[in-house]
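The values are calculated or read from the model by the stated rules, or taken from the named source; none is laboratory data. Everything numeric here is computed off the predicted structure, so don't read it as measured data. So basically every Cβ, Gly included, is an ideal-geometry build from the backbone, and we count neighbours across all protein chains shown. We work out accessible area using only protein heavy atoms, side chains counted, and drop any ligands, DNA or RNA first. Shrake-Rupley method; radii C 1.70, N 1.55, O 1.52, S 1.80 Å.
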Amino acid sequence: MEKELKDTAYDAMAAMQERLKDVDVVFANSDYVAQGAYEALRDMGLEQSIQIVGTDGFTGEDEGVDMVMQGKMAATISCPTGGREAIQYATNILEQESGVPKQVILRSRTITKENADWYLAELKKETKDAGDVITMGYSQVGQESKWRLANTRSIQEAAREFNIRLLFDDANQSQEKQIAAIRRFIQERVDVIVVSPVVETGWDEALKEAKEAGIPVVMSDRKVVTEEKDLTTTYIGADFLEEGRRAMRWIRDNISPYKEEMKILELKGNKGASPTEERGRGFAEILKECPNYQIVYSEYGNFTYEEGKEIIETYLHNHVWDVDIIYAHNDDMALGAIEALEQSGITPGKDVKIISVDATREAFQAMVEGKLNCAVECNPLLGAPLMKAVRDMVSGKEMPVRIITEEKVYDESMAEDLINLRAY
Ligand code: GZL
């Protein structure tokens, strides 16, 4: 097979000799094709004037990485086969091991002459035995919501289950405290640092220090945006954009417009947090396809019950109530809004429809009582998939770039049947 690919590529390059004078780079969608292309360019005396970029990144003599090191290719893009991971997860499922993720996105690397030695060393890196105790430094956002409390319990329980020594720091919504915790974990030479970042930006310096210290950093629950690439190893968490889309799709499909403009009030999480920004963007993406619906009021409620309640109280103080739908970025703010509405004689779930994200047991109870109409799930039980991924990483397996958790959409029609099955 490989020889056929090589020969076919050779012939194809030779046949286009006349047109190669305008070509600067050849992209080969396998390293075997790249080998054929290289030999053809060499035989035509063009190997110095035309660069080749391949794909696969196999190691071994005359394979992709070796060709890069010999200068025959400018780069090759590794394409993990996924075979080992597939067997590993299939075995885990058969053994009913906890923490098997719904989807993982494997890492692809661009291998050049500059990083080829590092890449090969990474593949052979000595690691801890699976039975060794791993020390994890975990920086948690705080205790702002029921979701967060369930998330913390999940992390702490899974650390025990996977024999991981957990240094747990609660930042109480402070990025400054999270950065100080990261620096403390570096000083303590932990094996891995995990952060649930309160906001997306402002992490580059601390993450560079962790990288220089050779300590991998995993983002759990929320994402960061950094100027420099590769400062974090993996992100494990939900697809917030899709959660926002699901909320507005449910509104579109279940709340028919009974007037020209259906007014939506949005209760947002904390400013700059990835769930806040992305749930807002995902919702807006579907909203713009629905001309009869309009966000007329949008405020940051920081994912807390109290602030969800305060926003509704303030709105009622300054306006005659005219809102048809409330979209809350989490259950706690929705439940706080429900209390404020009831105190003002407005019937939540009837006079105004309410949609929230998280789908905690408290949200299911509100749906059973008809006060909440829809809950989009965001699973906080990240402990087991996180600890499993970290143990795999420390025992030498490559960490996926992304680990995505399972999520569904629930509404009041199914709440009664499901509430006692809720794990959080
Ligand atoms: C989402 C998480 C959010 C929850 C809120 O992954 O970061 O923060 O939706 C929590 O309940 O406070």
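For the pair the range 25-94 / the range 166-206, the C-alpha centres are spaced 38 Å from each other. Both the radius of gyration and Dmax for the range 215-262 are 17.9, 57 Å, in that order, over alpha-carbon atoms. Once the Cα-Cα distance is subtracted from the 0.36 nm per residue extended length, the GLU406 to ASP351 segment shows a gain of 16.6 nm. For the range 283-415, the C-alpha radius of gyration divided by 2.2 N^0.38 Å, with N the number of residues, is 1.28.
Surface exposure of the range 2-124, expressed per residue as accessible area with a 1.4 Å probe, stands at 59 Å². Run the helix sum for the chain: -39,500 (n - 2.57) per DSSP H stretch of 4+ residues, divided by residue count, reported at 222 nm to the nearest 500 deg cm²/dmol. Rounded to the nearest 500, the figure is -12500 deg cm²/dmol.
Enclosing the Cα atoms of the chain in their convex hull gives a volume equal to 184 cubic angstrom per residue. Looking at the range 240-378, the accessible area is 38 square angstrom per residue; that uses a 1.4 Å probe and ignores ligands, DNA and RNA.
Between THR91 and HIS319, the FRET efficiency from the beta-carbon distance, with R0 = 45 Å, is close to 0.15. Considering only LEU335, LEU166, LEU120, the Gaussian network model of the chain with Cα springs below 10 Å gives its largest mean-square fluctuation to LEU120.
Using 1/(1 + (r/R0)^6) with R0 = 41 angstrom and r between the beta carbons of ASP11 and ARG160, what's the FRET efficiency to the nearest 0.05? So, using R0 = 41 Å, E works out to roughly 0.10. When only the Cβ of Lys, Arg, Asp and Glu is charged (+1, +1, -1, -1), the dipole of the range 2-124 relative to its Cα centre reaches about 360 debye.
Calculate what fraction, in whole %, of the accessible area of the chain sits on carbon and sulfur atoms when a 1.4 Å probe is rolled over the protein chains. Intermediate values should be presented prior to the final figure.
Numbers: 9640 of 19790 Å².
Of the solvent-accessible surface of the chain, carbon and sulfur hold 49 percent.
Annotation for GLU114 and ASN29: the two label points, set 7 Å from Cα along the Cα-Cβ direction, are 2.8 nm apart.
Work out how much length LEU149 to ARG281 would gain on full extension: take 0.36 nm times their residue separation and subtract the Cα-Cα distance, in nm to one decimal. Could you put the intermediate results ahead of the total?
Working: separation 132, 0.36 × 132 = 47.52 nm, distance 2.58 nm.
Once the chain is fully extended between LEU149 and ARG281, it gains 44.9 nm.
Relative to the current alpha-carbon distance between LYS271 and THR81, full extension at 0.36 nm per residue lengthens the span by 64.5 nm. Between ALA74 and SER395, the C-beta separation translates, for a Förster distance of 35 Å, into a calculated FRET efficiency of about 0.55.
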